[in-house]
């Protein structure tokens, strides 16, 4: 096995472990959703602002300015009703979050939660941040999904609370190499994404562009079925993000 395959396996093993641990923390569901920081300069169209997205035991923290993703990190998250634990497994290059564990006191209600640092928890000890829910939806396609690309990189997509975002992670460095995200509408068949922010290898994508497909769930996979700009039909398949799907994707 070459070094690339070894690094890929280690990366996937880390993600698998995180998902397995989260099954023992059912209260994590109480803080699921897409949240924005209650900064008065923040807007809720996903083009500007500071966001935290939590879904199915994974979290993602994004800083966006004028449609450009400035920073992102994320990975495992759990919540026991009082303390939230974050263990980032990916980040934008130049950050220093991967491999660390962050603990916060969290006080949630139906539409917001207060996140505060815990004494002795390092650089975030004095953190006091209020997060407000961007929306509330219960679509059956919500979740965390993944694909393994031909170049060995891993594409991870979150869909929750009318927010969507995918990132591409290089397993050798744990760095995010591309990202695209924004809002979506879904009527149970037709699925339409609008792009509000981008980064890296996706920088040429036109913001405000709509991507319209049919979304279907088949055998626990999420399929997007549509036609490309040339009029050719395609099917984009995503695997549910859990231990079993991660293992199958690594083969």
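Name the residues in the stretch 162-179 that are over 11 Å from the mean Cα position of the chain (by Cα) and under 23 Å from residue 32 (Cβ atoms), would you?
Applying the first criterion (over 11 Å from the mean Cα position of the chain (by Cα)) to the stretch 162-179 yields 162, 169-178.
Passing the criteria: 162, 169, 176.
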Exercise. Hey, any hits in the stretch 216-225 for a residue that's surrounded by 15 or more Cβ atoms within 10 Å (Cβ to Cβ) and touching a helix residue (DSSP H, G or I) at 6+ places or on another chain (Cβ under 6 Å)?
Worked result: no
For this session: Evaluate the stretch 173-186: report whether one residue or more is exposed (fewer than 15 other Cβ atoms within 10 Å of the Cβ) and in contact (Cβ under 8 Å) with a residue 24 or more places away in the chain.
Result: yes
Seminar exercise, completed: Given the conditions (1) closer than 25 Å to residue 176 by Cα; (2) in contact with a helix residue (DSSP H, G or I) (Cβ under 7 Å, 6 or more places away or on another chain), every one holds for residue 122 apart from (2)
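Working carefully through the options 241, 191, find the one that is modelled with pLDDT under 95, within 27 Å of residue 136 (Cβ to Cβ) and touching a strand residue (DSSP E or B) at 6+ places or on another chain (Cβ under 6 Å).
On the way: 191 fails: modelled with pLDDT under 95.
Answer to the selection: 241.
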Problem set entry | Matching residues, the stretch 157-172, being touching a residue at least 60 places away in the same chain (Cβ under 8 Å) and closer than 14 Å to residue 92 by Cβ | 165, 167, 169
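Among the residues of the stretch 198-215, how many are within 18 Å of the chain's Cα centre (by Cα) and crowded, with 16+ Cβ neighbours inside 10 Å?
Residues of the stretch 198-215 that are within 18 Å of the chain's Cα centre (by Cα), as a first pass: 198-202.
The next check asks that each one be crowded, with 16+ Cβ neighbours inside 10 Å; those that pass are 198-200, 202.
Total meeting the criteria: 4.
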Exercise. Among (1) at pLDDT 95 or above; (2) over 27 Å from residue 236 (Cα atoms); (3) surrounded by 18 or more Cβ atoms within 10 Å (Cβ to Cβ), where does residue 61 come up short?
Worked result: (2)
Problem set entry | Any hit, the stretch 86-98, residues being out of contact with any strand residue (DSSP E or B) (no Cβ under 8 Å at 6 or more places or on another chain), under 21 Å from residue 171 (Cβ atoms) and not assigned by TED's automatic domain parsing to the domain that holds residue 180 | yes
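The values are calculated or read from the model by the stated rules, or taken from the named source; none is laboratory data. Nothing here was measured: the structure is a model prediction, and the numbers come from that model. Note that each Cβ is placed from the backbone with ideal geometry, even for glycine, and that neighbours are counted across all protein chains shown.
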